[in-house]
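For reference, the structure discussed in these notes is given below.
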Amino acid sequence: MTLVLEARRPRATRRTTFYPNLRPQLYQLIQSESVDPVRNPYAPGAGQRPPELAGRDRELQQFEVVLERVARGRPERSMILTGLRGVGKTVLLNTFRSMAIQRLWGTGKIEARPEQSIRRPVAAALHMAVRELAPRHRAPDRIEGFLGVLKAFAQAGEEPGGKGRSRVHRWQPGIDVPAARGRADSGDLEIDLTELFVDAASVATDLGVGIGLFVDEMQDIPADDVSALCAACHELSQSGGPLIVVGAGLPHLPAVLSASKSYSERLFRYARIDRLDRGSADQALLAPAEREEVTFTQDALDALYEAADGYPYFVQAYGKVAWDVAPGSPITADDIKVAAPEAESELAVGFFGSRYERATPAERDYMRAMAALGDEPVPTSAVADELGRKPSSLSPARDGLIKKGLIYSAERGLVAFTVPHFGKFLRAQPT
Ligand SMILES: Nc1ncnc2c1ncn2[C@@H]1O[C@H](COP(=O)(O)OP(=O)(O)OP(=O)(O)O)[C@@H](O)[C@H]1O
Ligand SMILES: [Mg+2]
């Protein structure tokens, strides 16, 4: 931080802010800035709440309707957000959760992991959801009854031969009621989830509210569990119980779900989260800046849109550096020229590099071959040709990359990067 600050030219003071805890030297530097780095509003980061949630009004309205209808016991499909890395799925999912909380719903969230059963995480999430409702519930025995079932559900995974036995994820439910018997404890996740959901929904019904279970990285749920989850949602949608599962995941999530249950298309409304259009990208930059009495010239906004291409993560990343290098308001196209290489190198390390590192050498070769073929989804056969290999010999690399969430199968026989601009990044790397 100091290094960056010291590289800056001192300016005439226009606005000052008093920071009592800063060292005098630093304080002087900050004071001399008119675009104050301490007040930099932009927030590049995984799941980081943006200073302005731009361009998502339609999804927010749709979810309002979902909440209202579910609470009234109307038949309603839940929502699943899909999109590339860094488009703002987690942020939107968290916003949906806040909307549910505002309506006094009970909520819980899980982040799915490959090869990890969802039994324990779902138990923990519903525990949290019902704990939010408990203080308002008039009949403590109803809550206790549910917690007994929840405990039984969580423990059923531990029975000898049960699916959760070998999993490392340990959840010690801090539930001091005895585990119930004969409900949600069969060890068959589909049956148990269905019973658990029905009971949780019924506790919420007592209060005239609902329960929202939010699932991030949903494409990572193991196949058996995803099918159990869909079946439980299906059952619940028939009984009209006010519990919904709201998901977020990579673009192939709908394909994962329909491969598991053909009726999943009727269970969920898919909302594809994409790049921000020009107006929304400008708003994402301008609204937070203007709250700090800073603005951008039109040329600067043009340059930023060109660089960030409307991808929310990039909008935040470029916005952040542009703010830090700009000597004053308005932030100009010249500032963006200075900022762009710095933002790019930060992205190369943090956004692209950290993901590239996760791949094995064979997987890296695979991705480089994909990148060489362009930015559109590419046929796996073309990747094989590019590498001079038989397609079948490349399946392990391809499957590994899919599992790591670096590529996805856009359509049968086609693969694409989950990370926007990843091809461009790879092409710029020395081989
Ligand atoms: N609507 C938006 N307007 C402005 N900035 C946004 C918006 N949505 C997300 N962002 C910003 O984009 C970045 C990425 O958001 P988020 O982590 O939610 O993406 P994601 O789709 O979940 O990515 P991943 O697939 O890697 O988990 C964050 O820095 C966030 O602040
Ligand atoms: Mg996310």
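Without any contact (Cβ under 8 Å) to a residue 60 or more places away in the chain and of a type in the set (D, E, K, R), is that true of ARG398? Break it down stepwise before answering.
Numbers: without any contact (Cβ under 8 Å) to a residue 60 or more places away in the chain: yes; of a type in the set (D, E, K, R): yes.
Spelling it out, ARG398 is indeed without any contact (Cβ under 8 Å) to a residue 60 or more places away in the chain and of a type in the set (D, E, K, R).
Looking at segment 92-99, can you tell me whether even one residue there is surrounded by 16 or more Cβ atoms within 10 Å (Cβ to Cβ), within 16 Å of ligand 2 (Cβ to nearest atom), touching a residue at least 60 places away in the same chain (Cβ under 8 Å) and in a strand (DSSP E or B)?
The answer is no, given that none of the residues of segment 92-99 is surrounded by 16 or more Cβ atoms within 10 Å (Cβ to Cβ), within 16 Å of ligand 2 (Cβ to nearest atom), touching a residue at least 60 places away in the same chain (Cβ under 8 Å) and in a strand (DSSP E or B).
State the number of residues belonging to segment 231-246 that are in contact (Cβ under 8 Å) with a residue 12 or more places away in the chain, assigned to a helix (DSSP H, G or I) and not aliphatic (A, V, I, L, M).
Going through segment 231-246, the residues in contact (Cβ under 8 Å) with a residue 12 or more places away in the chain turn out to be 231-237, 239-246.
Adding the requirement that they be assigned to a helix (DSSP H, G or I) leaves 231-237, 239.
Now drop any that are not not aliphatic (A, V, I, L, M), which leaves 233-235, 237, 239.
Qualifying residue count for the region: 5.
Could you check segment 386-401 and list, in sequence order, the residues that are part of a helix (DSSP H, G or I), surrounded by fewer than 18 Cβ atoms within 10 Å (Cβ to Cβ) and touching a helix residue (DSSP H, G or I) at 6+ places or on another chain (Cβ under 9 Å)? Spell out the reasoning first.
Step one: list which residues in segment 386-401 are part of a helix (DSSP H, G or I), which gives 386-387, 391-401.
Checking the rest, the ones that are also surrounded by fewer than 18 Cβ atoms within 10 Å (Cβ to Cβ) come to 386, 391-393, 395-396, 399-400.
Result: GLU386, PRO391, SER392, SER393, SER395, PRO396, GLY400.
Just to check your reading of the model, which residue among GLU76, GLU59, GLU64 is surrounded by 14 or more Cβ atoms within 10 Å (Cβ to Cβ), touching a helix residue (DSSP H, G or I) at 6+ places or on another chain (Cβ under 9 Å), acidic (Asp, Glu) and modelled with pLDDT of 95 or more?
Values: GLU76 fails: modelled with pLDDT of 95 or more; GLU64 fails: surrounded by 14 or more Cβ atoms within 10 Å (Cβ to Cβ).
It is GLU59.
Considering only segment 164-206, state which residues are part of a loop (DSSP other than H, G, I, E, B) and either at pLDDT 95 or above or within 17 Å of ALA232 (Cα to Cα) (or both).
In the first step, residues of segment 164-206 are kept if they are part of a loop (DSSP other than H, G, I, E, B); the result is 164-188.
Those that are part of a loop (DSSP other than H, G, I, E, B) and either at pLDDT 95 or above or within 17 Å of ALA232 (Cα to Cα) (or both): ARG183, ALA184, ASP185, SER186, GLY187, ASP188.
Only residues that are assigned to a helix (DSSP H, G or I) and more than 19 Å from the chain's Cα centre (by Cα): list them for segment 62-91, please. Show your work before the answer.
Step one: filter segment 62-91 for residues assigned to a helix (DSSP H, G or I), giving 62-71, 89-91.
The answer is GLU64, VAL65, VAL66, LEU67, GLU68, ARG69, VAL70, ALA71.
Taking segment 298-316, which residues are within 19 Å of ASP36 (Cβ to Cβ) and over 28 Å from the mean Cα position of the chain (by Cα)?
ALA300
Working only within segment 289-302, note down all residues that are touching a Phe, Trp or Tyr at 6+ places or on another chain (Cβ under 9 Å) and not in a loop (DSSP other than H, G, I, E, B).
Selection gives ALA289 alone.
Return the residues of segment 252-280 that are in contact (Cβ under 8 Å) with a residue 40 or more places away in the chain, among the acidic types (Asp, Glu) and surrounded by fewer than 15 Cβ atoms within 10 Å (Cβ to Cβ); say none if nothing qualifies.
Once the filter is applied, which keeps residues that are in contact (Cβ under 8 Å) with a residue 40 or more places away in the chain, among the acidic types (Asp, Glu) and surrounded by fewer than 15 Cβ atoms within 10 Å (Cβ to Cβ), segment 252-280 yields only ASP277.
Report, by residue number, each residue of segment 247-267 that is assigned to a helix (DSSP H, G or I) and either among the charged types (D, E, K, R) or farther than 18 Å from PRO114 by Cβ (or both).
Pass one, segment 247-267, residues assigned to a helix (DSSP H, G or I): 253-260, 264-267.
Of everything in segment 247-267, those that are assigned to a helix (DSSP H, G or I) and either among the charged types (D, E, K, R) or farther than 18 Å from PRO114 by Cβ (or both) turn out to be PRO254, SER258, SER264, GLU265, ARG266, LEU267.
Are any residues in segment 87-111 small (Gly, Ala, Ser) and either at pLDDT below 95 or within 14 Å of ligand 1 (Cβ to nearest atom) (or both), and if so, which ones? Give the derivation first.
We begin by selecting, within segment 87-111, every residue small (Gly, Ala, Ser); these are 88, 98, 100, 106, 108.
Within segment 87-111, GLY88, SER98 qualify.
Quick one: which of VAL315, VAL294, VAL338 is within 21 Å of PHE422 (Cβ to Cβ) and not assigned by TED's automatic domain parsing to the domain that holds ARG85? Don't jump to the end; show me each part of the working.
Values: VAL294 fails: within 21 Å of PHE422 (Cβ to Cβ); VAL338 fails: within 21 Å of PHE422 (Cβ to Cβ).
Result of the check over VAL315, VAL294, VAL338: VAL315.
Those residues that are more than 24 Å from the chain's Cα centre (by Cα), of a type in the set (Gly, Ala, Ser) and on the phi < 0 side of the Ramachandran plot, I need them from segment 355-380; list them, please.
Once the filter is applied, which keeps residues that are more than 24 Å from the chain's Cα centre (by Cα), of a type in the set (Gly, Ala, Ser) and on the phi < 0 side of the Ramachandran plot, segment 355-380 yields ALA362, ALA369, ALA371, ALA372.
Look at segment 100-133 and say how many of its residues are over 30 Å from ARG275 (Cβ atoms), touching a residue at least 40 places away in the same chain (Cβ under 8 Å) and among the aliphatic types (A, V, I, L, M).
Going through segment 100-133 one residue at a time, the tally reaches 10.
In segment 112-126, which residues are on the phi > 0 side of the Ramachandran plot and at pLDDT 95 or above?
Taking segment 112-126 as the starting set, the residues that turn out to be on the phi > 0 side of the Ramachandran plot are 115.
Those that are on the phi > 0 side of the Ramachandran plot and at pLDDT 95 or above: none in segment 112-126.
Conditions: (1) away from ligand 1 (no atom under 16 Å from the Cβ); (2) modelled with pLDDT of 95 or more. PHE214 meets all but one. Number of the miss?
Status for PHE214: all satisfied but (1).
The values are calculated or read from the model by the stated rules, or taken from the named source; none is laboratory data. Quick caveat: nothing in here was measured; it's all calculated off a predicted structure. So basically every Cβ, Gly included, is an ideal-geometry build from the backbone, and we count neighbours across all protein chains shown.
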